[in-house]
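The values are calculated or read from the model by the stated rules, or taken from the named source; none is laboratory data. No experiment lies behind these values; they were computed from the predicted model shown. Ideal geometry is used to build each Cβ from the backbone, glycine not excepted, and the neighbour counts take in all protein chains shown. SASA here: full protein model, heavy atoms, side chains in, ligands and nucleic acids out. Shrake-Rupley method; radii C 1.70, N 1.55, O 1.52, S 1.80 Å.
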Amino acid sequence: MRILTSNHYIADFTVPFQAQHTIKRVRFVNLGRLWNPALAVAAYLPMQSFDLAHFVNKIPVALGKNWLVTFESALPRMFPPSEPLRRHLRGQLMSPGCLAIVAMSAWALSSFKRINAGWAGLGAVLAKAHVLQPAIPRAAPAPRTLGSGETIRLIFVGNNFARKGGIVALRLAGRALAEGLPLQIHIVSSKMICSGSHTDHPDPLRYQADLKHLGLPNVVFHGAMNNQQVLELMGTCHLNLLPTLHDTYGFSVLEGFANGLPAITTDICALPEFVLPAAAANANGFLLRLPKDERNCWSHVEESRAPEYWDMLDQAFASMTEQALVHLRSLAANPGELEELSRNALAGIEQRHNPRLLAQALDVIYNQARQA
């Protein structure tokens, strides 16, 4: 079959190569630029012939062929919502042409249930729901190692600099320098602050004191890089740093794992489903603890307009910095631990995020269209 999907970055993780089918990756139109709720609508150019469509985070307004959708959190995914459009897209999810909804994580499926609670069609749609984790090919041939006394090299990747944890990265560099901890942090970011990220403080001046740390001798600021350049840089590092305040999944963590980099990240949203902390079997990283709400989100994620919001942010940044330092001091004292974490990161890619296994699971869904 000819399967239409997006050429977006996320589709690389969620719609893998298929030996039995032809994957046609096309550019989708972001209708959300015209009207925010229309972000939820699947619209693609140019028109192409296909047998089945596999959408990512988007639902078609009308489609005369079978389709499915993979999603990372809300579905329909619209901010803010339009009730008439939401009713129509929910109806599309109930249609016979919708073969499946595929959640990227158990957290995503839980979010879908919560957001659509009370909807009469929820049960019918849940009957065709699946949880399939994103996948990526293994890149590193062998696990990372750390020599005694060697500088620990971390990479932080995130254009939404503050939300993704760039402030924590800078504070970590400052603390490490002050106490003589051998640490180097590579920062890949366009340094976007207060540019639409819902977790940013509305006053950019609040971040200026921390941003001065970009000039520290143990910080290497690369600016924006393309994905291939990021992956090559990962190949020179020991650990992947993502002390994020909100991430529905965390694809850069998977990219790090594929390159043998254990993760230092937060215990929010879907991240605890595939980042296994040092106390667990098959540990592949470290989870930084944040106060959370019933959705497993940072408990202050929607309070950016509160007068005391900077205090909330500052406390979160300080706590994550301290927790990360504890783990990095331990690694510096016991460098052999890195190799085991790296080995487990690579094993997790093979066992839980393998594109071949994801393709097999999706093929079962795709073949429903062939049978129909």
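Over the chain, with a Gaussian network built from C-alpha contacts below 10 Å, which listed residue (THR248, THR321, THR151) shows the highest mean-square fluctuation? Judging by the Gaussian network model, the answer is THR151. Straight Cα distances below 18 angstrom link LYS24 to the aspartates and glutamates ASP12, ASP51, ASP363, with same-chain residues fewer than 8 positions distant left out. The mean accessible area for residues of region 127-183, using a 1.4 Å probe and ignoring ligands and nucleic acids, is 38 Å² per residue. The HN-Hα couplings worked out from phi for region 272-279 by the Karplus form 6.51 cos²θ - 1.76 cosθ + 1.60 (θ = phi - 60°) are x, 6, 9, 9, 9, x, 4, 6 Hz, whole numbers, x standing for Gly and Pro.
Here the sum of -39500 (n - 2.57) over DSSP H runs of 4 or more residues, divided by the residues of the chain, equals -10500 deg cm²/dmol at 222 nm, to the nearest 500. Of THR14, THR22, the order by accessible heavy-atom surface (1.4 Å probe, DNA, RNA and ligands excluded), from most exposed downward, is THR22, THR14.
On full extension, the segment bounded by HIS130 and GLU294 gains 56.8 nm, given 0.36 nm per residue less the C-alpha separation.
Of all the options ASP314, ASP200, ASP247, the one that moves most in a Gaussian network model of the chain with Cα springs shorter than 10 angstrom is ASP314. A cut-off of 5 Å between modelled amide H atoms, ignoring neighbours fewer than 5 places along the same chain, links GLY285 with ALA263, LEU276, ALA278.
At full extension, ARG27 and ARG356 could sit 116.0 nm farther apart than now, given 0.36 nm per residue minus the alpha carbon distance. Near GLY165, the amide H atoms lying under 5 Å from its own belong to LEU245; only residues 5 or more places off or on other chains count, and H is placed 1.01 Å from N. Our coupling estimate for region 287-296, obtained by passing each phi through the Karplus curve with A = 6.51, B = -1.76, C = 1.60 and θ = phi - 60°, is 10, 8, 7, 10, x, 10, 9, 5, 8, 6 Hz, Gly and Pro reported as x.
The distance between label points at PHE79 and SER110 comes to 1.9 nm (points 7 Å beyond Cα on the Cα→Cβ vector). Note that region 71-114 presents 37 Å² accessible area per residue, ligands and nucleic acids not counted, probe 1.4 Å. Length available on full extension from ALA19 to SER319: 0.36 nm per residue minus the Cα-Cα distance, which gives 103.3 nm. Classification of region 200-309 by its C-alpha gyration tensor yields an oblate form. The axis ratio a/c (a ≥ b ≥ c) is 1.5 or more, and b/c is at least a/b.
Of all the accessible heavy-atom surface of region 1-138, with the other protein chains kept in place and a 1.4 Å probe, what percent is carbon and sulfur?
Of the solvent-accessible surface of region 1-138, carbon and sulfur hold 58 percent.
Taking a point 7 Å out from the Cα of LEU211 in the direction of its Cβ, the residues of region 284-308 whose backbone N falls within less than 20 Å of it are 304-305. Between LEU89, ILE115, PRO143, the Cα set farthest toward the positive side of the dipole of region 71-159 (charges on each charged residue's Cβ, about the Cα centre) is that of LEU89. Would you calculate the separation in nanometres between label points at GLU339 and TRP35, each defined as 7 Å from the Cα along the Cα-to-beta-carbon direction? Between GLU339 and TRP35, the label points sit 6.0 nm apart. Considering only ASN284, ASN296, ALA324, the residue lying farthest towards the positive end of the dipole of region 232-343 is ASN284, judged by Cα position with unit charges set on Cβ.
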